[in-house]
Amino acid sequence: MLGALVSALVVFVVSGLVTPAPEVVRHGLVVALAAAGVLRDLGVVSFPLPQNARQVPQDVLSRDVARGSLRFGFEMGTGVRTYVSSTVPYVLVAALLLTAPNLATAVATGAGFGLGRALTPTLRYTSGDGDLWDAVLHTHLRTIKLAAGLTAIPVVLLLA
């Protein structure tokens, strides 16, 4: 959660830099990016995401479990050091940057992202069989990504 909230606050501060652009242009870009994101998650179009597509190193946890877990959680929460397979977080960041929302909206979005990032490892751990959980997730990943994209559309339109 802390990593996601830090990222949300950074996005909130940086969003002030785009406010001189006309609102209709910024909102049009948000809608276009949302459409491109859904098309990418559907597999209709393909383009790379601007990410550091590597996992947090295992030695982070092996040196000091408690401190390493906090570091891993923070880095995972920021979304900048770990792999993000869905386009939805990028669309939401673009919407936040381009719409220059109030602080409460930025914090709520960061909290939602942080909770979502925490949900996956929590569910995997509580399943009792991580390998089976991974296999089931893999078979349903496209549907999950599509559902997330379709669910995010009203949020993006509200921001725009």
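The values are calculated or read from the model by the stated rules, or taken from the named source; none is laboratory data. It should be emphasised that the depicted structure is a prediction, and the values quoted were computed from it without experimental measurement. Glycine also receives a Cβ, built like all others from the backbone with ideal geometry; neighbour counts cover every protein chain displayed. The protein model used for the area step is the full one, side chains on, heavy atoms only, and it has no ligands, DNA or RNA in it. Shrake-Rupley method; radii C 1.70, N 1.55, O 1.52, S 1.80 Å.
Brief remarks follow.
- Residues in the stretch 96-107 that are of a type in the set (Ser, Thr, Tyr) and exposed (fewer than 12 other Cβ atoms within 10 Å of the Cβ): there are none.
- Scoring Ala35 on the criteria (1) under 20 Å from Ser7 (Cβ atoms); (2) modelled with pLDDT of 85 or more leaves a single failure, condition (1).
- Close Cβ contacts (under 6 Å, 6 or more residues apart or on different chains) running from residues in the stretch 102-120 that are under 12 Å from Gly3 (Cα atoms) to residues that are at pLDDT 85 or above and open to solvent by 40 Å² or more (accessible area, probe 1.4 Å) comprise Gly110/Leu5.
- Residues of the stretch 66-80 that turn out to be surrounded by fewer than 18 Cβ atoms within 10 Å (Cβ to Cβ), of a type in the set (Ser, Thr, Tyr) and under 14 Å from the mean Cα position of the chain (by Cα), as a count: 0
- Taken over the stretch 108-150, the criterion of being surrounded by 12 or more Cβ atoms within 10 Å (Cβ to Cβ) and hydroxyl-bearing (Ser, Thr, Tyr) is satisfied by Thr109, Thr120, Ser127.
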